[in-house]
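Below is one structure, written out as structure tokens; comments come after it.
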Amino acid sequence: MNLKRMILSACCLFLIGFTAKANERLLFSYFTGNGEDGLHFAASEDGLNWTALNGGHSFLHPYIGESKLMRDPCVLLGPDQRFHLVWTTGWGGHGIGIAHSSDLIHWSAERNIPVMDHEPEARNCWAPEIFYDEESKQYVIFWATTIPGRFTETSGSSETDYNHRIYCTTTRDFETYSDTRVFYDDGFNVIDSTIFKRGPHDFVMFLKNETLKPPEKNIRMAFSKSPLGPWSSSTPPISGEDWAEGPTAIRIGEYCYVYFDKYRKGEYGAVRSRDFENWEDVSNQLHVPEGLRHGTVFRVPSSIWKAMPR
């Protein structure tokens with residue numbers, strides 16, 4: 001290729017990259033309080049400065065579940081060009097909430113997925129997340145559950161006898177679901193997992209070590225060649241000394257950003273990395289709406305963002 005064609009190709013690539021960014025916006029789905037009023041959104045152009053949309057009011061109120069809460073809302077834009085939302089419906093129970101939207105404003109009827117009904121002793125279904133596996137063309141939904149009497153090697157390692165592992169199910173159509181199975185077990189009490197695609201056949205799971213005795217309460221990583229697993233053992237913590245939960249990750253420029261809830265301090269934190277080995281704490285540069293709790297960062301087309309109420 002001659003120099004002129006090389007320069008032209010580089011310019012085209014630059015314009016493609018610029019256009020892709022110009023046609024997208026970053027959104028953060030989150031809840032406030034105990035999750036009583038439902039789904040909130042914040043928007044950002046740089047991933048550090050976030051502004052609440054809809055005047056800080058909810059976009060969707062919870063109507064299902066024993067407690068009728070909407071905690072830990074996770075939103076995914078699927079290949080069907082619909083947004084799929086899953087959430088924690090209460091502190092206890094055997095199901096998770098799900099709803100769908102084409103514009104993040106108008107939502108389908110809320111439904112309960114009884115993912116742990118086959119385990120009558122299951123105590124809870126916390127912080128569900130949804131990820132689309134392009135290779136198998138199915139959605140992976142995963143969450144944390146405690147089943148008394150299971151994983152006795154870590155019994156008593158957390159508050160009020162919680163002893164979580166990550167479980168999952170898969171679906172292609174949100175009508176039929178695979179049998180629930182253990183998704184992640186690395187020999188410790190674990191909650192709040194999320195999946196980040198680093199490259200082809202290269203996936204990172206960010207997760208919370210929930211162990212209290214001895215204290216952990218931090219964010220770690222595990223790796224897999226497939227979003228279906230199997231997953232590696234976890235890395236050392238990447239989230240610092242403050243107790244952290246609810247990680248969510250996204251690539252912005254050359255960095256992977258990981259956001260997390262510093263829940264004991266009532267603050268939000270973030271770290272970023274180019275190589276997934278060296279992490280820079282950028283929490284002091286992060287500005288989020290007051291009261292923002294555990295959610296998901298994702299990209300939306302500019303056409304969707306422009307129609308959302310400010």
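Laboratory data are not the source of any read-out in this text; all were calculated from the coordinates shown. Just so you know, these numbers come straight off a predicted model, no measurement behind them. Backbone-built Cβ (ideal geometry, glycine too); neighbour counts: all protein chains shown.
Put a dot 7 Å past the Cα of Asp173, heading toward its Cβ, do the same for Asp46, and the two dots end up 4.7 nm apart.
For the set Lys197/Lys306; Lys68/Lys262; Lys208/Lys306, the pairs lying more than 31 angstrom apart at their alpha carbons are Lys208/Lys306. The fraction of Cα-Cα pairs per 20 angstrom bin, counted from 0 for the range 3-307, comes to 33, 59, 7, 0 percent, rounded to whole percents. Tilt of helix 3-22 relative to the longest C-alpha principal axis of the chain, in degrees (0 to 90, nearest 10)? So the inclination is approximately 40 degrees. Seen from every direction in turn and averaged, the convex hull around the alpha carbons of the range 51-102 projects onto 4.4 nm². Only one residue of Thr176, Ala307, Thr296 has its Cα farthest out toward the positive end of the dipole of the chain, where Lys and Arg carry +1 and Asp and Glu -1 on Cβ, and that residue is Ala307. Given R0 = 22 Å, the distance between the Cβ atoms of Asn278 and Asp202 translates into a calculated FRET efficiency of 0.75.
With N counted as the residues of the range 70-221, its alpha-carbon radius of gyration over 2.2 N^0.38 Å works out to 1.04. Here the range 3-307 is assigned +1 on the Cβ of each Lys and Arg and -1 on the Cβ of each Asp and Glu. Its dipole about the Cα centre then comes out at about 880 debye. The slack between Glu66 and Val182, meaning 0.36 nm per residue of separation minus the straight C-alpha distance, is 39.3 nm.
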